[in-house]
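Everything on this sheet refers to the single structure shown next.
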Amino acid sequence: MAFSYKPLWKLLLDRDLSKTDLRDTLGLSTATVAKLGKDEFVSMQIIDRLCTHFQVQPSEIFEWKGSDT
């Protein structure tokens, strides 16, 4: 996939949160957190939950890294 969730991981570090905190607070499955960790597709509903929880724009959760082709 051509997206990276690096901004999300930086956000967690800045707020002194772990992936476990993220999972527990937002009620995410371990599979969803694993997908985020592998820069895989997650639904817009997950992106919306992240943005709403952290009160940020999507660009503060993920970034486009270009085409994989």
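Before moving on, here are some points about what is shown:
- Take the Cα of residue 17, step 7 Å toward its Cβ, do the same at residue 40, and the gap between the two points is 2.2 nm.
- Normalised Debye scattering of the chain at q = 0.21, 0.29 Å⁻¹ gives log10 I(q)/I(0) of -0.87, -1.68, counting only Cα atoms as equal scatterers and leaving out solvent.
- Cα-centre dipole for the chain with unit charges at Cβ (Lys and Arg positive, Asp and Glu negative), debye to 20: 100 debye
- 3J(HN,Hα) along the range 21-35, derived from phi through the Karplus expression 6.51 cos²θ - 1.76 cosθ + 1.60 where θ = phi - 60°, amounts to 4, 4, 4, 5, 5, 9, x, 7, 7, 5, 5, 5, 5, 5, 4 Hz, with x in place of Gly and Pro.
- Once the 1.4 Å probe is applied to the protein heavy atoms, the chain comes out at 66 Å² accessible per residue.
- On the basis of the beta-carbon distance and an R0 of 22 Å, residue 67 and residue 10 show a calculated FRET efficiency of 0.40.
- Other-chain or far-sequence residues with amide H under 5 Å of residue 39's (modelled H): 5
The values are calculated or read from the model by the stated rules, or taken from the named source; none is laboratory data. Worth saying up front: this structure is predicted, and the values here are computed from it rather than measured. Reconstructed Cβ throughout: ideal geometry from the backbone, glycine too, with neighbour counts over all protein chains shown. Please note that ligands, DNA and RNA were not included when accessible areas were found on the heavy atoms of the full protein model with its side chains. Shrake-Rupley method; radii C 1.70, N 1.55, O 1.52, S 1.80 Å.
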